[in-house]
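Written below as structure tokens is the structure these notes are about.
The values are calculated or read from the model by the stated rules, or taken from the named source; none is laboratory data. This structure is a prediction, so every number in the text was calculated from the model and none was measured. Note: ideal-geometry Cβ built from the backbone for every residue, glycine included; neighbour counts use all protein chains shown. Just the protein is used for accessible areas: all its heavy atoms, side chains included, with ligands, DNA and RNA removed. Shrake-Rupley method; radii C 1.70, N 1.55, O 1.52, S 1.80 Å.
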Amino acid sequence: MLSLVPMRAEPSNRAELVTQVLFGECYEIISRQDKWLRIQLATDGYQGWIDQNQHTTVSKEYCQEWKQAQHPRAMDLVQIISNADVRIPVGTGCYLPFFDGLNVRIEGQVYHYNGRASNPEVASNTTQLVKVAHNFMKAPYLWGGKSVFGIDCSGFAQQVYGICGVQLPRDAYQQVTAGDEVHFANQTQPGDLAFFDNDEGRIIHVGIMLEDQKIMHASGEVRIDTLDHNGIYNAERKRYSHKLRIIKRIFQA
């Protein structure tokens, strides 16, 4: 078990990183090729290849039980999960399967965790979501990343909403199908998702709205810029960095 496992587009260490498997996350093996496993995540259905040396086997029964439960997520920047035999570093957003406030259970093994955790039984609101988003500030941009040590724009949105109990799809072009449209940039509320397209009209970027038309997004790093009807304005570079396509509201006031 590892804190993060890279999932690649092809069965090669040189292949594109498409996403990451988080500690505690279940998946199904779809096929095998040499030392590589093609898997499908139980959370968002995303598929890709992982090295079998980074695979941990669990039973079908455990995986089914995992799918039917809501699992807290780690809230500390880095914390240790441990038992008498192993110590594993886990970061913000990692899953804590069957966490009872003290212990995590994975298959038949019990691990101690004494860090902060989200509570999936408590309904989230926009205030909490914005607070979670700020935990990722200054995280460096990494295509396919989902951690505070490297994250992309849609991974950032998915992680923040996931910690708050809302499962979004993995990629921005998929996430845009969620929620209700907000028709004007000056009507945004904290927690709204703003989506941006390229010259061909393809959705290529997403960010999370804050107060006063500020937007937090992963572009070079997780940063805060200003949004208007044209798009994201980068005051440092004195230019627009992304062209606005649509704004969607997930949490209703």
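Overview of values
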| item | result |
| --- | --- |
| Per principal axis, descending, Cα span of the chain in whole Å | 53, 40, 30 |
| Apportionment of accessible area to carbon and sulfur, the chain, percent (1.4 Å) | 47 |
| Mean residue ellipticity (222 nm) of the chain, computed from DSSP H runs ≥ 4 via -39,500 (n - 2.57), nearest 500 | -3500 deg cm²/dmol |
| Mean separation of Cα contacts under 8 Å, 6 or more apart, over the residue count of region 28-121: relative contact order % | 21 |
| Calculated over region 111-187: convex hull of Cα atoms, volume per residue (Å³) | 142 |
| Two-decimal ratio, region 178-253, of alpha-carbon radius of gyration to 2.2 N^0.38 Å | 1.01 |
| Stokes-Einstein D (µm²/s) once Rh is taken as the Kirkwood radius of region 1-145 over alpha-carbon pairs, at 20 °C in 1.002 mPa s | 132 |
| Sequence-separation-based contact order of region 72-139, relative, with Cα cut under 8 Å and 6+ spacing, percent | 33 |
| Accessible surface of Thr43 - all protein chains present, 1.4 Å probe, nearest 10 Å² | 30 |
| Computed Rg/Rh of region 4-56, alpha carbon atoms with Kirkwood Rh | 0.90 |
| Solvent-accessible heavy-atom area per residue, rounded to whole Å², over the chain at 1.4 Å | 50 |
| Above-threshold pairs, the threshold being 26 Å between Cα atoms, out of Lys35/Lys60; Lys214/Lys238; Lys67/Lys138; Lys214/Lys243 | Lys67/Lys138 |
| The chain: relative contact order in percent, alpha carbon pairs under 8 Å with at least 6 residues between | 14 |
| Difference of contour (0.36 nm per residue) and Cα-Cα distance, Gln174 to Gln64 | 37.1 nm |
| Amide H contacts of Gly231 (H built 1.01 Å from N, under 5 Å, at least 5 apart or other chain) | Leu244 |
| Residue-span extension gain [Ala15 to Asn186] - 0.36 nm each, minus C-alpha spacing | 57.4 nm |
| Potential extension, Asn198-Trp143 segment - 0.36 nm per residue separation minus Cα distance | 18.1 nm |
| Cα-projected label distance for Asn234 with Glu107, points at 7 Å along beta-carbon direction, nm | 4.6 |
| Prolate/oblate/rounded label for region 127-253 (Cα gyration tensor, a/c 1.5) | rounded |
